Structures are given as C-alpha cells and as structure tokens.
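As structure tokens, the structure follows; a few thoughts come after it.
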Amino acid sequence: MALPMDRAAAFQLLRQHTETESLIKHAISVEAAMRHFAELYGEDVEYWGMVGLLHDLDYEKYPEEHCQHTPVYLREAGFDEGFIHAVLSHGYGLCTDVEPEKPMEKVIYTVDELTGFITACALMRPSKSLLDLEVSSVKKKFKDKKFAAKVDRDLIRGGAERMGMDLDEVMRHCIAALQTINTELGFLELAE
C-alpha cells in the first residue's frame, strides 16, 4: 500500500480544500486516532493516518454532497482505489453506501464521530485539556442526549461492535490518541 505523497504534502492537500480551523483540527484528530489504532493492530501507521487526515476533503466546500467530490480529489493526487474506498466508508449510511469491511474502514467509521465528541468533552472540563480526561467522564456525557446532540451515538456504538471492541475500550484508545496532540488541537497543558 504505497502512498503517492508524504504527510506534509497530504496536509497541503487538506489545506487546499479546507480553510476552517475547526475542520483542520477534526482532520488531525481523526488522523491521530487512525495512527493509534494502526499501531495497535500492527498495520501501516502512515497509510491509516493519511486516510484519517484526508477523510473530509470535500466537506467544507460541499457539505450537502459530502464524499461525492473527494474521490476525484484523491484520484487527481494519485491515491489508489483501496485508499478511496477506506475514506468513503466513514460516511456509510450517512452519505455513501460504501460499507466498512476492513479493520481500517471499521475504525474510521467509528472514530470520525467519536473524536469530535471527545474533544467536546475536553472543552467542557475546568482544565480545558485532554490530558486529564477519563473514559468515565466521556461515558457520562455520552449518556446525556443534550450534550453534543448532533453526535450519532448509535453510529459510534455500532462502529465499536463492527470493530469487535467494547465501547469503553474504543473511547480509551481515542482519548489516548488525542492526548498525543493535545497542544496541536489548542488544548491547555496541565500545570505541574
């Protein structure tokens, strides 16, 4: 699974199609989660990470046609059909009919929504940091339907089932992944 570009070039491609800082941070969050799970599964960390980084390439310009323009952008950049399939699988049932079948696809399908939910949880903490965020806090907010109401909790639960992993475990791994980019996401470091 060769990539047609390095991470720096992929980030430039993302910037070419995405200007909104919150969408850039979301892409970086999903990238971190994908890299974490790739390492956990013994898979290609760079490949999985790039799938996460570029998964929402057309979202800012075409929110109503999300995932319809991304394959064109990715083909033009030299990405293969397997990469494109993995990217499209994150929108299964929402904006694509590309079902997540491979482990990488199941992960991106699950962590796309979950990373956003976890960062929302961190923003509500007195510390304004991911570094002291625990699964119990995320689970408590997850049960509160009014908190981050647009997040599809059933999708996240179903994604964890697809992964064959307990939801708590998926949350724990996502938190750990996001903690590695705490500062890059604009969260505070904890006082010593």
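The values are calculated or read from the model by the stated rules, or taken from the named source; none is laboratory data. Small disclaimer: the values here were computed from a predicted structure and weren't measured. All Cβ positions, even for glycine, are placed from backbone atoms using ideal geometry, and neighbour counts span all protein chains on display.
Against the definition (under 16 Å from Tyr109 (Cα atoms) and either touching a residue at least 40 places away in the same chain (Cβ under 8 Å) or not small (Gly, Ala, Ser) (or both)), how does Gly159 come out, yes or no? Yes. Consider segment 142-155 and keep the residues that are without any contact (Cβ under 8 Å) to a residue 60 or more places away in the chain, outside any loop (DSSP other than H, G, I, E, B) and more than 11 Å from Ile118 (Cα to Cα). The one that is nearest to the chain's Cα centre (by Cα) is Arg153.
State whether the residues of segment 90-108 include one that is of a type in the set (Asp, Glu) and in contact (Cβ under 8 Å) with a residue 60 or more places away in the chain. Looking through segment 90-108, none of the residues is of a type in the set (Asp, Glu) and in contact (Cβ under 8 Å) with a residue 60 or more places away in the chain. Residue pairs whose Cβ atoms lie under 6 Å apart, sitting 6 or more positions apart in sequence or on different chains, and linking a residue in segment 119-140 that is within 17 Å of Arg153 (Cβ to Cβ) to a partner that is loosely packed, with under 15 Cβ neighbours inside 10 Å, are Val135/Asp168.
Tell me whether segment 103-118 contains one or more residues that are under 30 Å from Leu190 (Cα atoms) and aromatic (Phe, Trp, Tyr). Give the derivation first.
Step one: list which residues in segment 103-118 are under 30 Å from Leu190 (Cα atoms), which gives 107-108, 110-118.
Retained after the next criterion (residues that are aromatic (Phe, Trp, Tyr)): 117.
Checked segment 103-118: at least one residue is under 30 Å from Leu190 (Cα atoms) and aromatic (Phe, Trp, Tyr).
Of the listed requirements (1) exposed (fewer than 14 other Cβ atoms within 10 Å of the Cβ); (2) assigned to a helix (DSSP H, G or I), Lys61 misses just one: (2). Out of Asp166, Asp144, one residue alone is at pLDDT 95 or above, closer than 17 Å to Thr110 by Cα and of a type outside the set (A, V, I, L, M). It is Asp166.
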